[in-house]
Amino acid sequence: MSSNTDDASQSAAAAGAPPALELTDIVAGYDHTTVLRSVSLTVPAGSVTALLGPNGAGKSTLLKVVSGLVRPTSGTVAMEGEIVTKLPPNQRARKGLCHIPEGRGVYKRLTVRDNLVMQCHAGDETAAIERAAEAFPILGRRINQMAGTMSGGEQQILSMARAYTRDQRLILVDEASLGLAPIIVDEIFNFLHRIVNEKGTSLLIVDQFVHRALDMAQTAYVMNRGEITFSGTSAEVAALDVFGEYMGTH
Ligand SMILES: Nc1ncnc2c1ncn2[C@@H]1O[C@H](COP(=O)(O)OP(=O)(O)O)[C@@H](O)[C@H]1O
Ligand SMILES: [Mg+2]
């Protein structure tokens, strides 16, 4: 955990900033299936929150509720104190919400450049591409390559570049390290650390590398079968007896 991150979150909290995200009593699912059963969760301003739980717990569904891809049947979603429950995803994105989805979400038949263009605000393309290429030299070198012909790790980096192509307030990261070689996973976590430290952006992170996620986070939630079963500081969650059982790390 970096001291910069602590400073950023402490000063935001001290200034009485509203939470970056507040979910209250969210019930949501798909068609006739209820997945989330009255879930409440808070990401304090300028901080990192980890969301943990086994496969099928509802973590990705929760992130989709935050970004507006899944509409809750009840409950509220607030960003920086403003209720956004009924706003479509693009309007939430304009408020600085960035969802880096499970499975990367890159356009495989477009070039790296065109993917970057799709990620940024109209009118800001050139500067945004420069920022992304500076943060990730690999993207600069592959700028005209078809995204689908890059490795999984490179596609993940392209997907994460959207955190740089726009000014983000809250980033949702869903299983960014899934299926990647350890060296790429290091790069991805370094990148996330960098965003938090440089920009004071808030993060809600879901990752199978539970300890890496907890190392970055100040607070954590454990979810099972659509309910929050534990929440606390990341140290408290790391010390949970049931934790290894949940995560399959024992
Ligand atoms: N598009 C969908 N349609 C119907 N059910 C879904 C859909 N996506 C996920 N589910 C179901 O919702 C539950 C939670 O899934 P998910 O949110 O992806 O969990 P996690 O990300 O924790 O693995 C699972 O039972 C899954 O089968
Ligand atoms: Mg998932």
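The values are calculated or read from the model by the stated rules, or taken from the named source; none is laboratory data. What you see is a predicted model, and the numbers here were worked out from it, not measured in a lab. As a convention, Cβ positions derive from the backbone with ideal geometry for all residues, glycine included, and neighbour counts pool all protein chains shown.
The set of residues from the range 105-133 being of a type outside the set (Gly, Ala, Ser) and surrounded by 20 or more Cβ atoms within 10 Å (Cβ to Cβ) comprises VAL106, VAL112, ASN115, LEU116, GLN119, CYS120, ILE129.
Consider VAL77 carefully, then state whether it is aliphatic (A, V, I, L, M) and under 23 Å from ALA17 (Cα atoms). Yes. The set of residues from the range 213-242 being assigned to a loop (DSSP other than H, G, I, E, B) and either farther than 10 Å from GLY53 by Cβ or among the aromatic types (Phe, Trp, Tyr) (or both) comprises ALA217, GLN218, ALA239, LEU240. Anything in the range 82-108 that is at pLDDT 95 or above and touching a strand residue (DSSP E or B) at 6+ places or on another chain (Cβ under 8 Å)? List them, or say none. Answer for the range 82-108, where residues must be at pLDDT 95 or above and touching a strand residue (DSSP E or B) at 6+ places or on another chain (Cβ under 8 Å): ILE83, VAL84, THR85. For beta carbons closer than 8 Å, sequence separation of 6+ or different chains, a first residue in the range 183-205 that is surrounded by 19 or more Cβ atoms within 10 Å (Cβ to Cβ) and a second that is among the acidic types (Asp, Glu), there are no qualifying pairs. Applying the set (1) in contact with a Leu (Cβ under 9 Å, 6 or more places away or on another chain); (2) acidic (Asp, Glu); (3) assigned by TED's automatic domain parsing to the domain that holds GLU187 to GLU82 leaves exactly one unmet item: (1). Scanning the range 42-85 for residues that are within 16 Å of ligand 2 (Cβ to nearest atom) and over 19 Å from ALA176 (Cα atoms) gives a single hit, VAL70.
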